[in-house]
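Q: Before we start, here is the structure in question, set down as structure tokens.
The values are calculated or read from the model by the stated rules, or taken from the named source; none is laboratory data. Computed from a prediction, not measured in an experiment: that's the story for all the values here. Virtual Cβ from ideal backbone geometry, glycine too; neighbours counted across all protein chains shown.
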Amino acid sequence: MKSARGFTLIELMIALLVLSLLALMSYRGLGAVLDARDHVKQETAKWRDVASFLARFERDVELAAPRTVRTANGQAPAWLGTPAGTDTAASLVFSRFASADGVDTPHRVGYQLNEKHEIELWLWPGLDVPPDTQPARYPVLTGVKSFELQYLNSALVWVDAWPAAASDPPIPRAVRVRIVLDTNEEIVRIYALQT
């Protein structure tokens with residue numbers, strides 16, 4: 001009679017070693033897939049927020065109004081752009097018409113980079129600003145290292161402040177936005193204005 005032959009201890013150990021190596025490789029592969037998924041999710045959210053901000057900014061500047069406003073200190077220009085590094089006012093404040101769909105009213109709008117690396121949207125309740133009226137502030141884009149604005153004048157020269165001269169029209173011909181994110185990605189957009 002033939003005796004039944006099984007696996008030797010060495011064969012069993014080799015099989016277990018091969019199976020454990022396959023399990024380890026599978027675990028590492030799954031970890032890499034999950035890490036890649038999380039990274040893609042974060043990048044998608046970041047670029048969705050950037051696109052949303054740029055769409056909002058474009059909509060606001062397209063409705064820019066060449067109307068000066070009354071303030072407690074006299075009159076303020078329709079478009080007031082202050083150079084980067086000025087902490088006393090928003091980087092950009094301007095008058096804005098109501099949209100054609102009638103969902104909002106004319107009011108003053110502003111944009112500024114705050115100390116938390118957020119671009120804030122400033123909204124005043126109307127065009128003319130009563131004394132001691134502060135704007136409502138809303139963060140519209142986070143993770144921003146730098147927010148710079150330039151304005152195209154009548155001589156087709158980019159300037160850092162608006163109005164740069166007394167002869168400048170109420171609204172520049174175009175505005176150039178440069179945003180540097182905390183991750184060092186740079187976005188530059190130019191918006192033509194109706195002057």
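Q: What's the total number of residues in the range 152-195 that are loosely packed, with under 13 Cβ neighbours inside 10 Å and of a type in the set (Lys, Arg)?
A: Adding up the residues that qualify gives 1.
Q: Please work out which residue is nearest to Arg96 (Cα to Cα), limiting yourself to the range 134-190 and to residues that are polar (S, T, N, Q) and not in a strand (DSSP E or B).
A: So the residue we want is Gln134.
Q: Sticking with this structure for a sec: Only one of these conditions is not met by Thr105: (1) at pLDDT 90 or above; (2) in contact with a Gly (Cβ under 8 Å, 6 or more places away or on another chain). Which number is it?
A: (1)
Q: Name the residue that is surrounded by the fewest Cβ atoms within 10 Å (Cβ to Cβ), counting only residues in the range 132-151 that are hydroxyl-bearing (Ser, Thr, Tyr) and more than 18 Å from the chain's Cα centre (by Cα).
A: Looking at the filtered set, the residue picked out is Thr133.
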